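Working notes, beginning with the structure itself.
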Ligand SMILES: Nc1ncnc2c1ncn2[C@@H]1O[C@H](COP(=O)(O)OP(=O)(O)O)[C@@H](O)[C@H]1O
Ligand SMILES: [Mg+2]
């Protein structure tokens, strides 16, 4: 014999929506597991039969809504409410329970936790807002670039017209310097908000590093910074966007230079490691291996409590920094399927480690070139 009563009970208790049912006299008939969970109450069989005012008392709003059931008011359907007790948002529907004769014998509140939905919506809204913000930033940056260039040019002209006034020269030089700082920030903002697209070609990492070092050496605060580059002999080319990769290492080197403030060392090392070839790989790895570039300096290093923020846009500890250098670096590295991390250097300072993947065909290329060389040598 099928136990219909038990089945109905199980339906109610297994529902993933919260159910609160009360009798006409206000005593609780049902509080299912989901209701306990969403309301953050400890399940207690003793609640059945007690007044809903007592049991749900800490959620006044809920009590008020349930109280509506026996008034003439129109009952809320798919309404929303934020629970004071837990801060959770719930969506609910209130129904009167009628017996066969149509008399109201109780009320049922069916509800569901909307907090997660809300969070997703919030994230969606944030993304939209950031996209809109990015567009606005790009538009403003673009408009500001021209007048800034104008300021620099005109200050230069004025300087030439006032050959005998050292005071004026000093002020004009300051104006030009400040305009350059502002211009760099504008360029960074544009770079950061621009959607990234790569022009990938085989790129010599050594060449990229040499270019970046040259740029860093010409930095106004380079002073007596010693930059030493050490590239492994077997370094394969990378499938990369040459200009953007140069930007990565230029930014890292300029940061190191600025951290050193005119005196110290920067060590750049680059090496290649093949993906570990286990004897019988289940499937061939996507990449043949990885190039690791480390940029280390013996400057003050990065305080442990800010390492997490370093790559966030606009995080800067410099008076006229944009805080976008490392955000751009990370964006470019990510687009190349690479990784970047920062850690303290043994002996003081900071080490930035960049890892970039090398596809199979470029490693093959190194082998062929080496093979040719050996063949040529044996003939000579
Ligand atoms: N080599 C380094 N040594 C110490 N701190 C660093 C180094 N590189 C970056 N930082 C820290 O990270 C911050 C963010 O760098 P970045 O994104 O390039 O912005 P910005 O250079 O404009 O400040 C810097 O302000 C600095 O505090
Ligand atoms: Mg920087």
Quiz item: Helix 242-260 versus the longest principal axis of the chain: what is the Cα-based angle in degrees, 0 to 90, to the nearest 10?
Solution: 90 degrees
Quiz prompt | Inter-label distance for residue 136 and residue 100, nm, one decimal - labels placed 7 Å from Cα along Cα-to-Cβ | solution = 6.6 nm
Quiz item: So, in Å, what gap is there between the alpha-carbon centers of the stretch 80-132 and the stretch 13-47?
Solution: 16 Å
Quiz item: What's the angle, to the nearest 10 degrees (0 to 90), between helix 4-14's Cα axis and the longest principal axis of the chain?
Solution: 30 degrees
Quiz prompt | Cα centroid of the stretch 201-221 to Cα centroid of the stretch 244-269, whole Å | solution = 10 Å
Quiz prompt | Structure-based [θ]222 nm, the chain - -39500 (n - 2.57) summed over DSSP H runs of at least 4, per residue, nearest 500 | solution = -15000 deg cm²/dmol
Exercise. Find the Cα radius of gyration of the chain, compare it with 2.2 N^0.38 Å by division, and give the number to two decimals.
Key: 1.60
Quiz item: Over the Cα atoms of the stretch 201-379, what Rg and Dmax result, in angstrom?
Solution: 17.8, 62
Quiz item: How are the Cα pair distances of the stretch 118-193 distributed, in percent, across 5 Å bins from 0?
Solution: 3, 15, 17, 14, 12, 10, 8, 6, 5, 4, 3, 2, 1, 0
Self-check item: residue 226 versus residue 4: modelled label distance in nm, points set 7 Å from Cα along the beta carbon direction
Solution: 9.3 nm
Practice problem: May I ask for the angle, rounded to the nearest 10°, between helix 166-193 and the longest principal axis of the chain, with both axes built from Cα atoms and the value confined to 0 to 90°? | Solution: 50 degrees
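Label the stretch 167-216 by shape, choosing from rounded, prolate and oblate, from the square roots a ≥ b ≥ c of the eigenvalues of the Cα gyration tensor; if a/c is under 1.5 it is rounded, and otherwise prolate applies when a/b is larger than b/c, oblate when it is not.
oblate
Throughout, read-outs are computed from the coordinates displayed, never taken from laboratory work. Everything quoted here is computed from the prediction, not taken from an experiment. As a convention, Cβ positions derive from the backbone with ideal geometry for all residues, glycine included, and neighbour counts pool all protein chains shown.
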